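Engineer: Encoded as structure tokens, here's the structure I'll be asking about.
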């Protein structure tokens, strides 16, 4: 294996984990809520945010937790992760192997975690098998313990402080204040690969679902046959037949 600290790889400030090309306002801090859903908020240099029973405020860029100065390294809340915006970098990589693993040691992405995430390519699509082992894990921002399914374009995995998202031509890897090593034998860094044209809007919704034309076969049933009127005589429609034909015996038909 050829392991290297991911922070030593090339990164581009225009590549963002939230898919925005620029911010509507200057962002000083990113706040991640680790509840039943993975939530994301931003704080400007002078801002205020209520998260559960805690209040985060900023004044001239300094962070306060519940009205007390809170250096980033002293915020130890299990359901909250606060990171200075300049410390968040997103790296682009391309898989060069059909099987990848994310785990604590000797993984294609190695970090401090009890969980194990395995990716396998079957020639058509990638499949993700996740075993949490008590780790903090999310798939498409929904909390999970274990998960098994297709790792399609737009699917996002969070595992103990790292975001991994599959895109059309590469994967996006974003460590959130987490030391990560990458195996360069199976993951090749990508430089300056633009995902959007130059005139693309600066702000857009971050999609989790990329619609693609269906490729599976479907069975189309034959349409039902049109109903036809019964071909009975007028007398049969007026006088229904009875058992034994006794009624017909009493009917006299006169010719005119």
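Engineer: When you scan segment 139-159, do you find a residue that is more than 19 Å from residue 29 (Cα to Cα), outside any strand (DSSP E or B) and over 15 Å from the mean Cα position of the chain (by Cα), even just one?
Structural biologist: So far as segment 139-159 goes, yes, one or more of its residues are more than 19 Å from residue 29 (Cα to Cα), outside any strand (DSSP E or B) and over 15 Å from the mean Cα position of the chain (by Cα).
Engineer: Can you find, within segment 122-140, the residue that is surrounded by the fewest Cβ atoms within 10 Å (Cβ to Cβ) among those that are under 15 Å from residue 153 (Cα atoms) and in contact with a strand residue (DSSP E or B) (Cβ under 7 Å, 6 or more places away or on another chain)?
Structural biologist: 125
Engineer: If you go through segment 120-138, how many residues are without any contact (Cβ under 8 Å) to a residue 60 or more places away in the chain and under 15 Å from the mean Cα position of the chain (by Cα)?
Structural biologist: 6
Engineer: Of all the strands (runs of 3 or more DSSP E) wholly in segment 21-100, which have at least 1 residues that are surrounded by fewer than 12 Cβ atoms within 10 Å (Cβ to Cβ)?
Structural biologist: Those strands (runs of 3 or more DSSP E) span 47-51.
Engineer: Go over the candidates 36, 99 one by one and state the one that is assigned by TED's automatic domain parsing to the domain that holds residue 158, under 22 Å from residue 163 (Cβ atoms) and under 24 Å from the mean Cα position of the chain (by Cα).
Structural biologist: None of the others qualify; the one that does is 99.
Engineer: I need a count of the residues in segment 5-32 that are in contact with a helix residue (DSSP H, G or I) (Cβ under 8 Å, 6 or more places away or on another chain) and under 23 Å from residue 140 (Cα atoms).
Structural biologist: 2
Engineer: Here is a follow-up. The conditions are (1) within 30 Å of residue 96 (Cα to Cα); (2) surrounded by 13 or more Cβ atoms within 10 Å (Cβ to Cβ), and residue 5 fails exactly one of them. Which is it?
Structural biologist: The number of the failed condition is (2).
Engineer: So, residue 106, is that one closer than 25 Å to residue 144 by Cα, modelled with pLDDT of 90 or more, more than 21 Å from the chain's Cα centre (by Cα) and surrounded by fewer than 18 Cβ atoms within 10 Å (Cβ to Cβ) or not?
Structural biologist: Against the criterion (closer than 25 Å to residue 144 by Cα, modelled with pLDDT of 90 or more, more than 21 Å from the chain's Cα centre (by Cα) and surrounded by fewer than 18 Cβ atoms within 10 Å (Cβ to Cβ)), residue 106 qualifies.
Engineer: In segment 161-184, which residues are at pLDDT 95 or above and either out of contact with any strand residue (DSSP E or B) (no Cβ under 7 Å at 6 or more places or on another chain) or not in a strand (DSSP E or B) (or both)?
Structural biologist: Of everything in segment 161-184, those that are at pLDDT 95 or above and either out of contact with any strand residue (DSSP E or B) (no Cβ under 7 Å at 6 or more places or on another chain) or not in a strand (DSSP E or B) (or both) turn out to be 180, 184.
The values are calculated or read from the model by the stated rules, or taken from the named source; none is laboratory data. None of the values given here were measured: they were computed from a predicted structure. Here the Cβ is made from the backbone with ideal geometry for all residues, glycine too, and neighbour counts use every protein chain on show.
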